[in-house]
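The values are calculated or read from the model by the stated rules, or taken from the named source; none is laboratory data. Computed from a predicted structure; not experimentally measured. We place every Cβ from the backbone using ideal geometry, glycine too, and count neighbours over all the protein chains shown.
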């Protein structure tokens, strides 16, 4: 019997474990994962961007935790001598309508306490001559990039040093009762279970009769890389996003390893681990995911039809580059010739409204807690967000 059993060794599961151990040093805390290493899915395959927190409405959990999470994650990286690229970010517009949305982003940033500044065309050209904007650009000095896999592994080392047990190749199989589950490494008993299983969080929650109005719809993200930044990118460059959906559009990212990247895509995937070819193919998942994608496509819910068609077009390198060229017409895009390792976004959908869920979602059922939607910027927000989750356990 363990006091706290956490499913998933991604950035969320690890930080929940660390916070629990800090708050309850005498409690036993165990994490399990089906993989042989920590953070092999979303936590290790994301862009590594530490977001500033100005995209989100002030009443959202994302707004509440991203700014603080950005500072906490940067401090963690500095404390553990992890590489971090603090190159900042500019958000640029291509027309008057997008310029008006920049004003909305500035208002949200101010409401969320995020440091932002305006740059005129001339100021942008002087700082980052590769970037172009319609009238002005939004500058975010606290946006940075890290190596997400290395950061996740470091949190795992911190957890082990605190006496937290991490059992790998020990995946969840099924619920056995109110205080036990069957896993690949036998029956495990718990006083409280926390489900931070990412791509499979909804399935596990349903086993505990929780979150049954939600399901996960996977989206595949891939970048085109310029491995040595031969193009000379000097900052992260983002377009004005469509605030009606959770995707930020094709942008430029400066990685900590010296690479520059264009992307990502947000292509509807066909099963949850549809990273490459037929790897991890699951016919049940295929039928379930295709069923939802077909319904959304035919009904064009939240503009899914046009989104799906546009995202599929990004499989063509020429189209992806053409979208990037709108932001940087003077930048040589020839060096962007290598596809990155794909990642899968575990995007929650509300099955009642057929809408993509924008904010983090946490549900409780008896002695279990389920992190159902921890998509971007969950990596950035992980430290304060998981503290909030742990605080809530005392009131469930």
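Annotations for the structure displayed:
- Count of segment 154-188 residues which are assigned to a strand (DSSP E or B) and touching a residue at least 12 places away in the same chain (Cβ under 8 Å): 9
- Counting only residues that are closer than 30 Å to residue 12 by Cα and surrounded by fewer than 19 Cβ atoms within 10 Å (Cβ to Cβ), segment 117-152 holds 3 of them.
- Hey, residue 178 more than 21 Å from residue 361 (Cβ to Cβ) and surrounded by fewer than 21 Cβ atoms within 10 Å (Cβ to Cβ) or not: yes
Residue-wise test of (1) in contact (Cβ under 8 Å) with a residue 24 or more places away in the chain; (2) part of a loop (DSSP other than H, G, I, E, B).
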| residue | (1), (2) |
| --- | --- |
| 274 | yes, yes |
| 291 | no, no |
| 302 | yes, no |
| 305 | no, no |
| 308 | yes, no |
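- Among residues of segment 311-339 that are at negative phi and at pLDDT below 90, those with a beta-carbon under 8 Å from a residue that is in a helix (DSSP H, G or I) and surrounded by 16 or more Cβ atoms within 10 Å (Cβ to Cβ) at least six positions away or on a different chain give the pairs 314/320; 314/323.
- Some residue of segment 312-327 being part of a loop (DSSP other than H, G, I, E, B) and in contact with a strand residue (DSSP E or B) (Cβ under 6 Å, 6 or more places away or on another chain): yes
- Subset of segment 68-112 [assigned to a helix (DSSP H, G or I), out of contact with any helix residue (DSSP H, G or I) (no Cβ under 8 Å at 6 or more places or on another chain) and closer than 13 Å to residue 240 by Cβ]: 96, 97, 98, 99, 100, 101, 102, 103, 104, 105, 106
- Qualifying residue in segment 194-203 (condition: surrounded by fewer than 19 Cβ atoms within 10 Å (Cβ to Cβ) and touching a residue at least 40 places away in the same chain (Cβ under 8 Å)): no
- Set side by side, the residues 107, 86, 68 differ, and just one is at pLDDT 95 or above and either touching a strand residue (DSSP E or B) at 6+ places or on another chain (Cβ under 9 Å) or farther than 21 Å from residue 376 by Cα (or both), which is 86.
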